[in-house]
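Comments concern the structure below.
The values are calculated or read from the model by the stated rules, or taken from the named source; none is laboratory data. Note that this is a predicted model, so its numbers are computed, not measured. Heads up, the Cβs are rebuilt from the backbone with ideal geometry, glycines too, and the neighbour counts pull from every protein chain shown.
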Amino acid sequence: MIVQVFSIIAPVFLIAAIGYVWARLRMPFDSGMVSALVFNIGAPCLLLSQLLSRPIDIAAMAQIVAACLAVMALTAIAAVALLSARGLSLRAYLPPLIFPNTGNMGMPLCLFAFGDLGLSLALAFFAVTALLQFSIGVGIASGKFNVRTVLANPVLWAMALAVTLTLTGTKLPIWAMDTLTTLGGFAIPLMLMSLGTSLATLSVHGLGRAFSFSVLRIGGGFAAALAVVSVMGLEGPARGAVLIQSAMPTAVFNYLFAVQYNNKPDDVAGMILISTLLSFATLPFLLAFVLGN
């Protein structure tokens, strides 16, 4: 079990560490460009290539979508109750408490833990969280909701296209699948390197509050996911993917939104840094639990 857990965590650590060292050496790394490439090209192509390379179990994907929505709802209810009781800003603190890092960390972990099937399930979870984060999340941070932001989400269109092609029995030519696979291949390494560079360059503040909120993000997400998978009766890779994705640290995109809308960006940066470090410490226990049950 120790060897298995180490083999899953090691690639995540090492690739993120490359990004961290790269940033500390002040080597050029355009985080904005990398994020745009991953979100607009890499992730949609990875989603399509994974879902179209094997028969899609629509029922299984629907379960993942339902589980993700349930986990997000439970986490949001708990976060709103906590922030309201403490008189803290919902616009500043609610998005980083709700939205986990299902892309940079969650997808690689599910890939290394459960193979291509785990990656496909993690991609479905990521697609839902990405859609929610770039619609409801942006709405919370900005104080207004924009339908155009939802409709412009490339991950949403990639999932819709994959389901449509599957239901109609349409197969893409080999050259198209090879192109999708090649473009999707850069998504996970760049996500992890981007995570490392972000950790090296964040300016943090309020570490005490950041630590308590990080515990809530990881522990609360895991508790909500455990309740959901138990009620839904999920097993195997589906259960593992939901638990792993839900217990991830605060997503880096939350910092970008905090900067853009001036919602305590230093506090949010502290949550990202502390929750990521805390996640590195808790990952062995999380993976041992997932793989052992």
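If you go through region 136-156 and keep only what is part of a helix (DSSP H, G or I) and surrounded by fewer than 20 Cβ atoms within 10 Å (Cβ to Cβ), you end up with Ile136, Gly139, Ser142, Val147, Arg148, Thr149, Val150, Leu151, Pro154, Leu156. Scanning region 157-189 for residues that are within 30 Å of Leu273 (Cα to Cα) and either at pLDDT below 85 or surrounded by fewer than 19 Cβ atoms within 10 Å (Cβ to Cβ) (or both) yields Leu183, Gly185, Phe186, Ala187, Ile188, Pro189. Would region 226-241 turn up any residue that is within 16 Å of Leu97 (Cβ to Cβ) and at pLDDT 85 or above? Checking region 226-241: not a single residue is within 16 Å of Leu97 (Cβ to Cβ) and at pLDDT 85 or above.
Suppose we keep only residues that are polar (S, T, N, Q) and either buried (at least 24 other Cβ atoms within 10 Å of the Cβ) or in a helix (DSSP H, G or I) (or both) within region 56-107. Which one would you say is nearest to the chain's Cα centre (by Cα)? The residue in question is Thr102. Here Ala10 qualifies as without any contact (Cβ under 8 Å) to a residue 12 or more places away in the chain, within 26 Å of Val215 (Cα to Cα) and part of a helix (DSSP H, G or I). In region 240-249, the count of residues that are free of Cβ contacts under 8 Å to residues at least 40 places away in the same chain, assigned to a helix (DSSP H, G or I) and on the phi < 0 side of the Ramachandran plot is zero. Return yes when Ser279 is free of Cβ contacts under 8 Å to residues at least 40 places away in the same chain, of a type outside the set (A, V, I, L, M) and either in a helix (DSSP H, G or I) or in contact with an Asp or Glu (Cβ under 7 Å, 6 or more places away or on another chain) (or both) and no when it is not. Taking the combined requirement at face value, the residue does not satisfy it.
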